[in-house]
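In what follows, a single structure is set out as structure tokens and then discussed.
The values are calculated or read from the model by the stated rules, or taken from the named source; none is laboratory data. Given the structure is predicted, the values throughout are model-derived calculations rather than measurements. Cβ placement follows ideal geometry from the backbone for every residue including glycine, while neighbour counts extend to all protein chains displayed. What goes into the accessible areas is simple: the full protein's heavy atoms, side chains included, and nothing from ligands, DNA or RNA. Shrake-Rupley method; radii C 1.70, N 1.55, O 1.52, S 1.80 Å.
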Amino acid sequence: MLTASGRPVALVGRPAGICNWSTVTAGVSPGRPSRIFFLRGLTTDRAHMRLYRMRIDEHGKIVELAPVPGMTSADDAIDDIAVTPDGTRFAFPTSRPVKSGMAYGVVVTSAAGRPRTTLWAGSGWSPLVGLSWAADGRTLQIAQRANPGIRVVDTGTAHDLARDSRLVVPGSGWYGDVDGETGTLSTDGTQTYFVTHDHLRAIDRVIAAPVSGGGAARVLFERRYRPAYVAGKPPKPANLLGDAICREGDGAHLLVAGKDRSFRITIATHAVETLSLSFTGTQEELAC
């Protein structure tokens, strides 16, 4: 776990029966640092995944590390976990075979493992990524891996993910191509923050856009990257802005983590602090 300075907050040992950690996410309590995390552990027989709840105190001491009830071997596919700011509900993508191929959806459940609701999208959708909760514990942001764009859904009233979710950011625009996997909601659920790649101009951007559909999207930060040219193919980025983005617990900052360095952005002023913090993981392995 890393603070904005890049210093370790807590080193987490592996419980008996767990050989490594993968997915990590946090309950981002408004106005204060995250103290509740959820980690996905692979069992030593490499056959199952087990979800753990971890709580740390203000000194970085681990005061709780326990399996989440109900999240047993039946949940091998748990990935891209999103936790509500109060740490009481979480969501993760799911899938099932259907006659036309695969159907994709999202599981919404309490941190106690029950009750559990699955919202299915039906045919024509691709795997879900970029899940993020607003503080109300109802509004959930989602994106599709193969169909660009960012959507939100009210999990309290929705029954069908395709019908009841709403597209709030199209897959491309003046800002470039949206990386939906890196999106995150503001604490109050009124804004979404995400990374875009403008391959024509070789520019990466961090964008803030209102989820209401009204008002203009704005650039919080942009950075030119070095395109790597391959004959007969579009330029391929050699140093993208970041491979993961997360909202800090105070709700006022974003951490954009990249392979060569990372950036801490003050949302209100657009001030940017460059961190000598390299991150080679994926969105599912970053929490702040």
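Below, the figures for the structure above:
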| quantity | calculated |
| --- | --- |
| Stretch gain in nm, segment Thr274-His48, where the contour uses 0.36 nm per residue and the Cα spacing is subtracted | 77.5 nm |
| Residues with amide H under 5 Å from that of Leu277, placed H, sequence gap 5 or more | Ser262 |
| Residue order for Ile265, Ile36, Ile62 - accessible surface, 1.4 angstrom probe, largest first | Ile62, Ile36, Ile265 |
| With DNA, RNA and ligands ignored, accessible area of Tyr225 (1.4 Å probe; Å², nearest 10) | 10 Å² |
| Accessible surface ranking that places the most exposed of His48, His159, His197 first, with a 1.4 angstrom probe | His159, His48, His197 |
| Residue-level accessible surface for Cys246, protein heavy atoms, 1.4 Å, Å² | 10 Å² |
| Phe221 accessible area, assembled protein chains, probe 1.4 Å, Å² | 40 Å² |
| Simple spin-label estimate for Asp177 and Arg224 in nanometres, 7 Å along Cα-Cβ | 2.1 nm |
| Projected label distance in nm at Met102 and Asp260, using a 7 Å step from Cα toward the beta-carbon | 3.3 nm |
